[in-house]
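Engineer: Take a look at this one; I'll ask things after.
The values are calculated or read from the model by the stated rules, or taken from the named source; none is laboratory data. None of the values given here were measured: they were computed from a predicted structure. Cβ: placed from backbone, ideal geometry, glycine included. Neighbour counts: every protein chain shown.
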Amino acid sequence: MAAPSGSTVGSNSDGPGTSYDRGVPLNLASYHEWEISEIGYDGTEKFKIPHGYQEHIGALARKIDWMSLIGEEARHDNLVIHNEKEKGTETAAVDAIEETKKKSDERTPPEAGPWHVVAKHLHASLQELTVLLDDLAILRTTDYLKPMRVADRLQDANMANEVTAMVQNSKAFQWSSKRKALNEAANVFETAIKTRNNQLGSDDASRRNKDRFFSELRRMRELWRVRKNGESIIGDLGYKIFGIKSDPRGVFHITRRSADQMKASGKGEEELNVLQVSVPGDLMRQSTLTVSIVKDDGSITSVFPEKADSEYAYMEMDKAACDGMPWEKSLKRAQETLICKDIFNILFQEAVQLRRRLAVVKEGVIMVSLYDDYLLRFELKFHPFTMDSIPTEGDPFLTRFLREYHLAMECSRPVRPQMLIDLPLTHLPEALDYRGPLAYSAQDIEARSAKAKGLLNRMTKVSGHYVLVKRTIAVLKSHQLHYGDPTLRWRCIRCSPLHSLFLCELNNRNYEHIAGKLSFYVQVDAESVEVQTKEGTEISCRRDEHELRQALHLMSATHEMISVSQIAKQISYQVLHANMNAMDENGVPCPTLYLVNNVSTRTVYIKFPLGEVPQTYVRNFIADERMATEEEKKFTSLNFSRMPGRSLCKKFDTLFSLLKN
Amino acid sequence: MLFRFGERKRDEFQKMECILFGSIMEKNLIHLENRLAGICDPGCTPFHEHEMSFSLKTSSTPDVTLRLRRKFNFDSATSDKWRFRYIGRPEPDQDCPAVVRKVIHSVSQSKNMMEFVKAMGLRMDFEYVVKGKMWTCGAVKIVMSSVQKTKQPGRYDADNLEKLSASYLVEISVTIEDTDDHLKASKQLKLFSTQLSPIIEMEKVDYMAK
């Protein structure tokens, strides 16, 4: 008899081959099933009908071993009590009942042995398995039956994830999700813009004001170091690039000029910057640091002139006017003041420590003795912080050199890493990296290490050299102007702040092929001028213009003598003596030349005094001085200016030609 | 003039070093480099060096450790240039914000340094190769290096070198005289290191305890 066991609902089919799901598939099965007693070969199942109440009681009763409970001679009703009553005690009866109960609890094992339960379970499992196999066989043959699992929660979740992944991978979903995200972002931006506009105010002017502020701030960042410190924006006027850069002295504050303030100023929007800077008070002035060379004439006023009251006008600061200045100009002026003050401080510190020179400092002026009566003057001047340009004073070259040298020192790295990076940073030059392996002594290290060049020392040397170069050029130009024969040509072949070298050439026009040219050098350094000939002779002119002129004259006279002797040789004259080291009666160098013609009839004696025309003397040749008379020994002096010829060489050429025979 | 050994004062060659340590992942290195380019002196110095740690083991006294260093991609001009370095124990100052220790450096030149070291009784403990860049800001030195260890000692081909980690080691140090106040220098160093946060946090590492 077939009995309903687990029935499957939820699947409805219109016929074989077609099926569709309706709703959620459910599997209902009863908890208790009738036990199958037998399964026929045709698949019919015979169930064991469960016992009813009476039958169940009967089955249990049959299991009880009555004989062991009541005994062989016991009666059926209240046998124990009856016996106990016969005995006459109630407690004995109760004990007997309990004993009986204990005995009834001790069941005897079934006849199948201890494995009967296991066997029973195995049989039941076999029956279940055969039912399952039959179900599967039926499912395979019938189309309208579909097996559904009793899915657990984890399997449901995986399936759900798979479905979700399939949906999410679809393009439509992606597009819609992106559109949604963009819409949300757009909403956020709109909210932000509305909030910002509310904060800015609905006034166009204030919005434009802020826009201009940020654009000017961006422009400022390209030129100046700007950073935000909390709620305030600060900038840095400092110019140092090595070491710690932020110097409290050079900090300026950046603020925004509001629209109301701009209206109150009375100026148009285009005339006034929205970005406003407030520089430190001590930098709120225009500054100039000038260098000049003055001659000490003994009076204090020439060295430290009295200052007029107008020169103190910078102390009356008009902050409003200062704030009204465009920030581009005010920052430049403030930084210029900072640089000038820094340079002046360095010069002041070095001036105090000078040993070989005298230095005097008074009210922003430093005077350092250069040499002779010349003084090197540094003056720091302040001017009002206005838009007006200030006049340039002092020597432009020295002023600019001071500035460039200071900034070059700031741009040079004070310390450097050594050959291996974990060695300490050092200020010694690279050549001393291996001073240990090369066993340099302390003196060697001291001699090879780069000496710290002070700014003031450097400036005094450069200034001294600069003055001497100017003097040398002036002397050379003057010589060129006043003495055309022989012609002097000069050019600078090496020029540095501390050393210069000029190449000078003397030549006679149209007679270069005979006389050649004479070259010599004029070397100028910080302390003196020196004339160097090609033979290696050095003529020190110290710092005296007159001595330099005399040296040039000496070179000219030497060249004249050489030229004349060459010309004479061309015409077969004999040079009896040529004395470059001769001197006149005053001890001034005066080269001399003594010639005789080829037929030995005439002698010519020429003196070349410095800076003057040559003195020419002629007489007849005397073979024996002892035999000649006084009249014969006399020289005839010739007037150089009346000698035929335009140039010196031409004159002597003509003279020698005339006296040839 | 002969160099008279023993007459030099200790403060001429012994220095104090204040140092802070930190590390940064390689992917974030560019941010640190940009920050350092803004606050340090212009330019950086790349380096590629090889360091070996030797120790002189004694039974009675604690081991003396010496470090030798040279350029890794050395040519004939630098192949015999070595640096000896002795690092003392950190000063036990809890209030000091940086590690302070005595250091002694010495540059030497030798073509057979290993034989010399062996003759001195030194034995190599470990070696590594560092590669990175160095910045300076005044007297402060910032070294950013990647450490590679050798799988087999003495072999330095690319196959035998492996990175110790994916991070870069950052050291900020300043060298002062032995007699100077190390607390002031350490505080300035710590103040400088705050400019690098939050990119990197420099700290005082008690490496002796670790």
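Engineer: Among the candidates A:D342, A:D395, A:D388, A:D373, single out the residue that is in contact (Cβ under 8 Å) with a residue 24 or more places away in the chain and exposed (fewer than 14 other Cβ atoms within 10 Å of the Cβ).
Structural biologist: Answer to the check: A:D373.
Residue by residue, here is whether (1) more than 15 Å from B:M52 (Cα to Cα); (2) surrounded by 19 or more Cβ atoms within 10 Å (Cβ to Cβ); (3) away from every other protein chain (no Cβ under 12 Å) holds:
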{"site": "B:H105", "(1), (2), (3)": "no, yes, no"}
{"site": "B:S110", "(1), (2), (3)": "yes, no, no"}
{"site": "B:F116", "(1), (2), (3)": "no, no, yes"}
{"site": "B:A119", "(1), (2), (3)": "yes, no, yes"}
{"site": "B:D125", "(1), (2), (3)": "no, no, yes"}
{"site": "B:G132", "(1), (2), (3)": "yes, yes, no"}
{"site": "B:W135", "(1), (2), (3)": "yes, yes, no"}
{"site": "B:A139", "(1), (2), (3)": "yes, no, no"}
{"site": "B:V143", "(1), (2), (3)": "yes, yes, no"}
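Engineer: Follow-up question, since we're still on this one. Taking the stated definitions as given, is A:D296 among the acidic types (D, E), closer than 30 Å to A:Y371 by Cα and touching a helix residue (DSSP H, G or I) at 6+ places or on another chain (Cβ under 9 Å)?
Structural biologist: yes
Engineer: Then there's this: Can you name the residue in the stretch B:160-210 that is of a type in the set (D, E, K, R) and under 21 Å from A:L425 (Cβ atoms) and, of all such residues, is surrounded by the most Cβ atoms within 10 Å (Cβ to Cβ)?
Structural biologist: Among those residues, the one meeting the criterion is B:E171.
Engineer: Restricting to the stretch A:434-460, and then to whatever is touching a strand residue (DSSP E or B) at 6+ places or on another chain (Cβ under 7 Å) and either under 24 Å from B:D80 (Cβ atoms) or assigned to a loop (DSSP other than H, G, I, E, B) (or both), can you tell me which residue is farthest from the other protein chains (Cβ to nearest Cβ)?
Structural biologist: A:Y434
Engineer: Take the residues in the stretch A:531-548 that are farther than 17 Å from A:L518 by Cβ and not hydroxyl-bearing (S, T, Y), then tell me which one is surrounded by the fewest Cβ atoms within 10 Å (Cβ to Cβ).
Structural biologist: Here the answer is A:H546.
Engineer: Within the stretch A:494-511, which residues are within 30 Å of A:R403 (Cβ to Cβ), in contact with a helix residue (DSSP H, G or I) (Cβ under 6 Å, 6 or more places away or on another chain) and not in a strand (DSSP E or B)?
Structural biologist: Once the filter is applied, which keeps residues that are within 30 Å of A:R403 (Cβ to Cβ), in contact with a helix residue (DSSP H, G or I) (Cβ under 6 Å, 6 or more places away or on another chain) and not in a strand (DSSP E or B), the stretch A:494-511 yields A:P497, A:L498.
Engineer: When you check A:P417 against the structure, is it crowded, with 18+ Cβ neighbours inside 10 Å, closer than 30 Å to A:T558 by Cβ and either outside the structural domain of A:W327 (by TED's automatic domain parsing) or hydrophobic (A, V, I, L, M, F, W, C) (or both), yes or no?
Structural biologist: The answer is no for A:P417.
Engineer: Being surrounded by fewer than 19 Cβ atoms within 10 Å (Cβ to Cβ) and within 30 Å of the chain's Cα centre (by Cα) narrows it down to one residue among A:Y440, A:Y434; which is it?
Structural biologist: A:Y434
Engineer: Just a yes or no: is a residue in the stretch A:410-428 touching a residue at least 12 places away in the same chain (Cβ under 8 Å) and either within 30 Å of A:L272 (Cα to Cα) or away from chain B (no Cβ under 14 Å) (or both)?
Structural biologist: no
Engineer: Something else: Taking the stretch A:227-263 as the region of interest, how many residues are within 14 Å of another protein chain (Cβ to nearest Cβ) and either under 19 Å from A:S412 (Cα atoms) or surrounded by 15 or more Cβ atoms within 10 Å (Cβ to Cβ) (or both)?
Structural biologist: Total satisfying the criteria: 11.
Engineer: On to the next question. Among the listed residues B:T179, B:T175, identify the single one that is in contact (Cβ under 8 Å) with a residue 24 or more places away in the chain and either acidic (D, E) or more than 10 Å from chain A (Cβ to nearest Cβ) (or both).
Structural biologist: So the residue among B:T179, B:T175 that is in contact (Cβ under 8 Å) with a residue 24 or more places away in the chain and either acidic (D, E) or more than 10 Å from chain A (Cβ to nearest Cβ) (or both) is B:T179.
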